[in-house]
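Okay, so here's the structure we're looking at.
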Amino acid sequence: MTTIQSPPPARTDTRPMRDAPTRRLSPTQLRVAGACTAVLLAVFALFTAMPWPADGDAYLGDDIAAVAYTASLAIVIGIALRGGAFGVRTAWRTVGIISFAVLLGTTAFLAVGPLMPATSLERAEQFLSPLTLGVFWLAAVGILTVGRWRGPARALPFLTASWPMTVVGVVLVAGELGSTAWLAFVIHLGVYQALTALALIIDARRLAAAS
């Protein structure tokens with residue numbers, strides 16, 4: 001005897017089905033990123049402040065400082081990209097991805113740079129230095145414009161990238177483009193990047209909620 005099975009009961013629960021859980025940054029991950037940035041900045045400050053050898057043609061500490069600072073920039077952009085600070089639109093996310101790749105690649109290149117001939121390294125650095133600061137500035141504009149991050153961390157990368165304003169101001173006051181302008185450049189980068197690291201640590205819960 002053939003039995004006719006009744007159709008399954010209709011779903012009476014009108015609540016929307018939940019999407020698959022998304023991966024988010026935890027406050028701990030943000031604090032670790034901030035701490036790593038702070039450590040790299042300490043290395044940058046230490047080797048920048050150390051005097052060059054009086055009888056040396058090159059100073060390895062300068063290369064270490066460059067690697068440390070570029071790596072700190074890469075961490076900030078990488079954590080911003082992973083934490084949703086560039087939003088969901090393809091354009092700004094692409095900017096974030098390209099900027100992170102450039103910063104990461106530059107860090108790796110600078111790490112092996114001392115093994116290269118001095119002339120080749122100098123030429124490469126003349127190209128990489130403006131490229132690094134340029135892509136970081138563009139990424140910082142994205143973080144500021146999209147506005148997914150709230151609080152100081154939203155604006156601090158842009159303020160870090162706004163070092164020309166500080167340098168120009170110092171040049172206008174001091175009347176010379178030399179050691180004073182270089183010192184203003186280094187201090188600006190160091191202070192604002194340190195504030196960014198501090199914001200990642202202190203404001204980790206709010207930034208994690210935006211991811």
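The values are calculated or read from the model by the stated rules, or taken from the named source; none is laboratory data. Quantities reported herein were computed from a predicted structural model and do not represent experimental measurements. So basically every Cβ, Gly included, is an ideal-geometry build from the backbone, and we count neighbours across all protein chains shown. We work out accessible area using only protein heavy atoms, side chains counted, and drop any ligands, DNA or RNA first. Shrake-Rupley method; radii C 1.70, N 1.55, O 1.52, S 1.80 Å.
Points to keep in mind about this one:
- For segment 94-141, alpha-carbon Rg and Dmax in angstrom: 11.6, 36
- In the chain, one over the average inverse separation of all distinct C-alpha pairs is 19.3 Å, which is the Kirkwood hydrodynamic radius.
- Separation of alpha-carbon centers, segment 83-144 and segment 62-81, rounded to whole Å: 9 Å
- Relative to the current alpha-carbon distance between residue 91 and residue 173, full extension at 0.36 nm per residue lengthens the span by 25.6 nm.
- Burial ranking of peptide ranges 113-122, 192-201 (average Cβ count within 10 Å, highest at the top): 192-201, 113-122
- Hydrodynamic radius of segment 148-211 per Kirkwood, over alpha carbon pairs, in Å: 12.8 Å
- Think of a 1.4 Å ball rolled over the protein heavy atoms: the chain then has 61 Å² of accessible area per residue.
- The portion of the accessible surface of segment 77-211 made up by carbon and sulfur, rounded to a whole percent, is 71 (1.4 Å probe; DNA, RNA and ligands excluded).
- Estimated from helices alone, the mean residue ellipticity of the chain at 222 nm is -24000 deg cm²/dmol (sum of -39500 (n - 2.57) over DSSP H runs with n ≥ 4, per residue).
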